[in-house]
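A short write-up of the structure that comes next.
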Amino acid sequence: MTEYVWKLDVEYPADCYHPDDAEPWFAGMKRGDWKPEGWEPDEEYIERFKTERFIWPAVRRFYLSRSAAVDRALLLECYGAKVRLLRSKPIEFEERRFRRPLRVIQGGAA
């Protein structure tokens, strides 16, 4: 069976960033007051995130399954981001010897 890891290349909407003419430390950072068109927090969202502010879903460095990567990509796209799904080359595993012997932990009555 061939195994891969998956990665998302995300392009967020341009209007969710502070403009380039903003204060230097804000330029290029995501705005805290931005939210997708038509989005409003419900009670469950407010309870979970302790805010009414929109928070972009986290993006992991790598996903171990295609389905997990696709699920996250679809979520990001429903909020207005553009997402490309990237797949690694096939992963090959090889057995490696330990530099030192493994210690065996023996259970005992405490």
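The values are calculated or read from the model by the stated rules, or taken from the named source; none is laboratory data. From a predicted model like this one, the values you see are computed outputs, not experimental measurements. Cβ placement follows ideal geometry from the backbone for every residue including glycine, while neighbour counts extend to all protein chains displayed. What goes into the accessible areas is simple: the full protein's heavy atoms, side chains included, and nothing from ligands, DNA or RNA. Shrake-Rupley method; radii C 1.70, N 1.55, O 1.52, S 1.80 Å.
The table below gives the values:
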quantity	calculated
MRE, 222 nm, helices only [DSSP H, n ≥ 4, -39500 (n - 2.57), over the chain, to nearest 500]	-5500 deg cm²/dmol
Total lysine pairs whose alpha carbons fall under 25 Å of each other in the chain (8 or more apart, or interchain)	8
Integer Hz, Karplus 6.51/-1.76/1.60 couplings in order for the stretch 68-83, x for Gly and Pro	5, 5, 5, 4, 5, 4, 5, 4, 4, 5, 5, 9, x, 7, 9, 10
Whole-Hz couplings from phi, Karplus 6.51/-1.76/1.60, listed for the stretch 41-47; x for Gly and Pro	x, 9, 4, 4, 4, 4, 5
Long-range amide H partners of Tyr63 with built H, under 5 Å	Trp6, Lys7
Summed residue charge, Cβ within 15 Å of Val59's Cβ, Lys/Arg positive, Asp/Glu negative	+3
Mean separation of Cα contacts under 8 Å (6+ apart) over length of the chain, as relative contact order %	42
Other-chain or far-sequence residues with amide H under 5 Å of Tyr17's (modelled H)	Arg31
Karplus-derived 3J(HN,Hα), 6.51/-1.76/1.60, for each residue of the stretch 6-12, Hz, glycine and proline x	10, 9, 10, 9, 9, 10, 7
Peptides 71-79, 33-41, 86-94 ordered by average Cβ neighbours within 10 Å, highest first	71-79, 33-41, 86-94
Summed side-chain charge close to Pro41 - residues other than Pro41 whose Cβ falls under 9 Å, Lys, Arg +1, Asp, Glu -1	-3
Heavy atoms of Phe62: accessible area, 1.4 Å probe, square angstrom to 10	120
